[in-house]
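Chemist: One structure, as structure tokens, below. Some questions next.
What follows draws every value from the coordinates through simple rules; no lab data is involved. This one's a predicted model, so the numbers in the text were calculated from it and none came from an experiment. So basically every Cβ, Gly included, is an ideal-geometry build from the backbone, and we count neighbours across all protein chains shown.
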């Protein structure tokens, strides 16, 4: 039996991966999308999405993912449930191993494995995520208009999020485990000058208070130096201690930056390996929005189509489950 070699495989089922699949499928490339055991990316833990064009009343994150998936299925994207456990990008066709047992081969590969926010690791944080706890001020800041909120962190990301939140919140308290910020000097100065931003130094969050499904009502704080704990009222808590791209599988094969994000050629989704493309948060440490992820997913699919055409590799016979 001849092994099937697919035209394009997409790794990841967030906005980038689903958009890439839609475009590749409409180009008759018969894409295979490996969606992971926990499909949908970070939108699956997002409640109301009000900044994605086309939904004037907003839409729930999981519902937006479902609508994108339906659209990709309509154009005959082949969805495979499972986690990618290994890849071989040393030579084409590239190999992708799912759940350690199924191997798929492909002429081109679009990586949309995303990034995950670093979290505090609290049970209450997980329970209240999307119900007063957030890891994205740009996504959720609007819902905290007129409220007092905490931002946990001390780097540029935390200061940027705190500054952004002052557009909506009446008071933003930066909670930082050290006695000074790690952010750049210009960001520190900006925060210090903002009358809406206060600071809690040498402090960590040890619990977040609220009902089973919100709202957040406060936080339990611990002073690192004294060891004392206290409760303080807050109506929202933003975790801003960084993001980690899902790129462990690609180390030693693709060029990564010093933070682990896949390097792409400026203005394109092209990686250092011909025929391998990256889209969405896995290559974007700056914007991390659903709409920008979708845009780069579109670019990656179009680049894959052009690559296959220019290399004379495109055909319509790539079907089957692989071996």
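Chemist: What does DSSP give for the chain in terms of the percent of beta bridges that are antiparallel, rounded to the nearest 5?
Modeler: About 45 percent, rounded to the nearest 5.
Chemist: Sticking with the crude label model, points 7 Å out along Cα→Cβ, report the distance from residue 60 to residue 138 in nm, one decimal please.
Modeler: My value for the distance between the label points is 2.6 nm.
Chemist: Okay, next question. Show me the ranking of peptides 149-158, 256-265 by mean Cβ neighbours inside 10 Å, starting with the highest.
Modeler: 149-158, 256-265
Chemist: Arranged from highest to lowest average of other beta-carbon atoms within 10 Å per residue, in what order do the peptides 55-66, 159-170, 130-141 appear?
Modeler: Highest mean packing first, the order is 130-141, 159-170, 55-66.
Chemist: Using the 2.2 N^0.38 Å rule of thumb for compact globular proteins, work out how the chain stacks up: its C-alpha Rg over that value, please.
Modeler: 1.09
Chemist: Rounded to the nearest 500 deg cm²/dmol, what is the calculated helix-only ellipticity per residue at 222 nm for the chain, with -39500 (n - 2.57) per DSSP H run of length n ≥ 4?
Modeler: So the helix-based figure for the chain works out to -7000 deg cm²/dmol.
Chemist: What nm value, rounded to one decimal, do you get for the distance between residue 222 and residue 48 when each label is placed 7 Å out toward the C-beta?
Modeler: About 3.5 nm separates the two model spin labels.
Chemist: What does the extension gain come out to for residue 99 and residue 251, with contour length at 0.36 nm per residue minus their alpha carbon separation?
Modeler: Extra length available between residue 99 and residue 251 comes to 52.9 nm.
Chemist: Mind giving me the nanometre distance, one decimal, between the label points for residue 244 and residue 73, set 7 Å out from Cα along Cα→Cβ?
Modeler: Here the modelled spin labels are 3.2 nm apart.
Chemist: Name the residues of region 159-187 whose amide N is less than 18 Å from a point 7 angstrom out from the Cα of residue 196 along the C-beta direction?
Modeler: Under 18 Å, as judged by backbone N against the label point of residue 196, lie 159-175, 187 of region 159-187.
Chemist: How much length, in nm to one decimal, is gained on full extension between residue 232 and residue 38, taken as 0.36 nm per residue of separation minus their Cα-Cα distance?
Modeler: Result: 66.4 nm gained on full extension.
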